[in-house]
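Q: Dropping a structure here in structure tokens format, bear with me for questions.
The values are calculated or read from the model by the stated rules, or taken from the named source; none is laboratory data. If you're wondering where the values come from, they're calculated on a predicted model, not measured in any experiment. When we count neighbours, we look across all protein chains shown, and the Cβ atoms used for this are built from the backbone with ideal geometry, even at glycine. In case anyone asks, the SASA skips ligands and DNA or RNA and just uses the protein heavy atoms, side chains included. Shrake-Rupley method; radii C 1.70, N 1.55, O 1.52, S 1.80 Å.
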Amino acid sequence: VQVLRNAGEEVTLTVSFLKRAPAFLKLPLNEDCACAPSDQSSGTSSPLCDSGLHLNYHPNNTDTLSCSSWPASPGLRWEKRWCDLRLIPLLHSRFSQYLPGSDLCRQNAFQVIAVDGVCSGIIQCLSAEDCIDWLQAIASNISNLTKHNIKKINRNFPVNQQIVYMGWTEEREQDSLQDRMYTPKFLALRGASLYKFIAPPVTTWDWTRAEKTFSVYEIMCKILKDSDLLDRRKHCFSVQSESGEDLYFSVELESDLTLWEKAFQTATFLEVERIQCKTYACVLESHLMGLTIDFSMGFVCFDAATKAVLWRYKFSQLKGSSDDGKSKIKFLFQNQDTKQIEAKELEFSNLFAVLHCIHSFFAAKVACLDPLYVGSQATASAAPTTSGTGKLKYST
């Protein structure tokens with residue numbers, strides 16, 4: 001210790017093999033021990049043996065590990081085994097190549113963080129290809145475990161509250177003055193809602209304690225192109241809420257982005273198909289009205305007091321629309337008989353919710369007419385799921 005204290009700011013340590021070490025550690029030094037250096041060896045022991053030696057025979061006398069106390073037996077020899085240093089449960093775990101809270105990506109390195117906060121530390125790969133292979137393998141395992149877990153949880157939920165998606169993302173902080181740009185968030189699509197958690201929901205009670213909840217048919221999701229990205233993170237998407245608030249999220253892999261996009265489309269389609277119609281209060285020339293967006297009929301505007309229908313148009317008759325970004329929407333419908341364009345302007349207190357709902361109904365209508373999409377939804381709901389190993393295992 002004193003030598004190190006007096007060595008200055010830089011210390012050079014030379015590590016070499018010491019033949020007396022096996023005797024000191026009471027380890028055998030013979031042909032059966034792979035750690036013993038031969039005349040042709042470089043004089044260094046294998047790192048696999050340093051903490052991984054196990055005896056395949058357990059003598060009755062365990063007072064000492066001296067070779068002389070072991071009975072002579074042809075089956076007595078040392079074996080190399082993998083020694084687990086750390087086990088990371090992969091269910092609901094997350095991984096990242098980025099420095100925590102930033103958009104700085106590590107070169108060929110990543111870390112895995114379990115749901116209880118246990119971290120793998122920085123795992124450095126030899127090449128970018130090895131790093132991607134590891135990330136894809138871990139992501140695939142987490143995905144399989146999540147699907148299996150969702151299947152079990154859905155047994156306790158009614159049909160209209162089934163979970164479609166669960167997974168980690170990182171949300172970009174809107175306050176640019178903060179040192180931490182990104183914060184981990186756990187997103188879930190269940191029934192009519194998108195849930196945003198700070199930690200995965202484990203119990204039924206946890207679902208009532210979400211940080212925020214949004215109606216899936218009243219929000220807009222957009223997969224961002226390279227030109228839309230706000231920083232150096234690559235795989236991002238935005239969610240505009242019913243109040244007009246923009247949320248910015250980042251995921252690690254392109255496959256994660258694809259998985260989220262398909263899940264959001266599925267959740268929206270299923271919910272629109274379930275509710276069939278949605279009515280919003282509006283104002284027309286100072287009169288209280290109601291606008292119903294109906295999956296089968298299209299747009300129906302009626303008087304809130306008398307329930308009398310003022311006008312009705314199909315989805316196919318909507319040729320355009322515009323809004324002032326505050327409360328007013330102007331619809332352009334084509335009259336089926338005269339082929340003339342008829343403008344209808346309504347005022348809403350929840351403009352963005354109405355716009356997003358219209359978009360959701362249109363998207364569901366288009367998807368409903370696509371047999372490939374409908375068939376994929378039926379297949380996805382009936383497909384069996386299996387779980388992987390469930391752990392990220394470290395050995396030496």
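Q: May I ask you to list the residues in the range 97-133 that are among the aromatic types (Phe, Trp, Tyr) and touching a Phe, Trp or Tyr at 6+ places or on another chain (Cβ under 7 Å)?
A: Step one: list which residues in the range 97-133 are among the aromatic types (Phe, Trp, Tyr), which gives 98, 110.
Phe110, the sole residue that qualifies.
Table: residues versus (1) under 20 Å from the mean Cα position of the chain (by Cα); (2) surrounded by 13 or more Cβ atoms within 10 Å (Cβ to Cβ); (3) outside any helix (DSSP H, G or I).
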site: His92; (1), (2), (3): yes, yes, yes
site: Ser102; (1), (2), (3): yes, yes, yes
site: Gln107; (1), (2), (3): no, no, yes
site: Phe110; (1), (2), (3): yes, yes, yes
site: Trp134; (1), (2), (3): yes, yes, no
site: Lys147; (1), (2), (3): yes, yes, no
site: Ile153; (1), (2), (3): yes, yes, no
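Q: Something else: Find all pairs meeting these conditions: Cβ atoms under 7 angstrom apart; at least six residues apart or on different chains; first residue within the range 350-368 and more than 13 Å from Ser241 (Cβ to Cβ); second residue open to solvent by 50 Å² or more (accessible area, probe 1.4 Å) and aliphatic (A, V, I, L, M).
A: Going by the 7 Å Cβ cut-off, the qualifying pairs are His359/Met220; Cys368/Val374.
Q: Return only the number of the condition from (1) open to solvent by 80 Å² or more (accessible area, probe 1.4 Å); (2) outside any strand (DSSP E or B) that Arg233 does not satisfy.
A: Result: Arg233 fails condition (1) only.
Q: With the condition kept exactly as written, say whether any residue in the range 194-201 is touching a residue at least 12 places away in the same chain (Cβ under 8 Å), assigned to a strand (DSSP E or B), open to solvent by 50 Å² or more (accessible area, probe 1.4 Å) and not assigned by the TED database to the domain that holds Asn350.
A: First pass over the range 194-201, keeping only residues touching a residue at least 12 places away in the same chain (Cβ under 8 Å): 194-201.
So of that shortlist, the ones also assigned to a strand (DSSP E or B) come out as 194-197.
Still in the list and also open to solvent by 50 Å² or more (accessible area, probe 1.4 Å): none.
Checking the range 194-201: not a single residue is touching a residue at least 12 places away in the same chain (Cβ under 8 Å), assigned to a strand (DSSP E or B), open to solvent by 50 Å² or more (accessible area, probe 1.4 Å) and not assigned by the TED database to the domain that holds Asn350.
Q: So Gly244 ticks every box in (1) in contact with a helix residue (DSSP H, G or I) (Cβ under 9 Å, 6 or more places away or on another chain); (2) outside any loop (DSSP other than H, G, I, E, B); (3) of a type in the set (Gly, Ala, Ser); (4) open to solvent by less than 50 Å² (accessible area, probe 1.4 Å) but one. Which box is left unticked?
A: Here Gly244 meets the rest and fails (2).
Q: What pairs come out if I take residues in the range 330-346 that are free of Cβ contacts under 8 Å to residues at least 60 places away in the same chain and pair them with residues that are open to solvent by 90 Å² or more (accessible area, probe 1.4 Å) whose C-beta lies under 7 Å away, six or more apart or interchain?
A: Close Cβ pairs satisfying both conditions: Lys330/Glu345; Leu332/Lys319; Leu332/Ile341; Phe333/Lys319; Gln334/Lys319; Gln334/Ile341; Ile341/Lys319.
Q: Continuing with the same structure: When Val283 is evaluated against the numbered criteria (1) open to solvent by less than 80 Å² (accessible area, probe 1.4 Å); (2) of a type in the set (Val, Ile, Thr); (3) over 19 Å from Glu342 (Cα atoms), which criterion, by number, is the only one it fails?
A: (3)
Q: If you go through the range 114-132, how many residues are open to solvent by 30 Å² or more (accessible area, probe 1.4 Å) and not in a loop (DSSP other than H, G, I, E, B)?
A: So the count comes out to 7.
Q: Taking the criterion of being under 30 Å from Val202 (Cα atoms) and modelled with pLDDT under 90, would at least one residue in the range 68-82 satisfy it?
A: Our first condition is that a residue be under 30 Å from Val202 (Cα atoms); within the range 68-82, this holds for none.
For the range 68-82, residues under 30 Å from Val202 (Cα atoms) and modelled with pLDDT under 90: absent.
Q: Any residue at all in the range 238-255 that's hydroxyl-bearing (Ser, Thr, Tyr) and within 24 Å of Ala137 (Cα to Cα)?
A: Taking the range 238-255 as the starting set, the residues that turn out to be hydroxyl-bearing (Ser, Thr, Tyr) are 238, 241, 243, 248, 250, 255.
Narrowing further to those that are within 24 Å of Ala137 (Cα to Cα): 250, 255.
Taking every residue of the range 238-255 in turn, at least one turns out to be hydroxyl-bearing (Ser, Thr, Tyr) and within 24 Å of Ala137 (Cα to Cα).
Q: Would you pick out the residues in the range 270-280 that are open to solvent by 40 Å² or more (accessible area, probe 1.4 Å) and assigned to a strand (DSSP E or B)?
A: Those that are open to solvent by 40 Å² or more (accessible area, probe 1.4 Å) and assigned to a strand (DSSP E or B): Cys277, Lys278, Thr279.
Q: Sticking with this structure for a sec: I'm checking my understanding of the structure. Among residues of the range 207-220 that are out of contact with any helix residue (DSSP H, G or I) (no Cβ under 7 Å at 6 or more places or on another chain) and open to solvent by less than 30 Å² (accessible area, probe 1.4 Å), which one is nearest to His356 (Cα to Cα)? Full working, then the answer.
A: At the first step, the residues of the range 207-220 found to be out of contact with any helix residue (DSSP H, G or I) (no Cβ under 7 Å at 6 or more places or on another chain) are 207-215.
Remaining after also requiring open to solvent by less than 30 Å² (accessible area, probe 1.4 Å): 207, 210, 214.
Working: Trp207: 24, Ala210: 22, Phe214: 12 Å.
Here the answer is Phe214.
Q: Identify, by number, the condition in (1) closer than 24 Å to Thr268 by Cβ; (2) under 17 Å from the mean Cα position of the chain (by Cα) that Val202 doesn't meet.
A: All conditions pass for Val202, except number (1).
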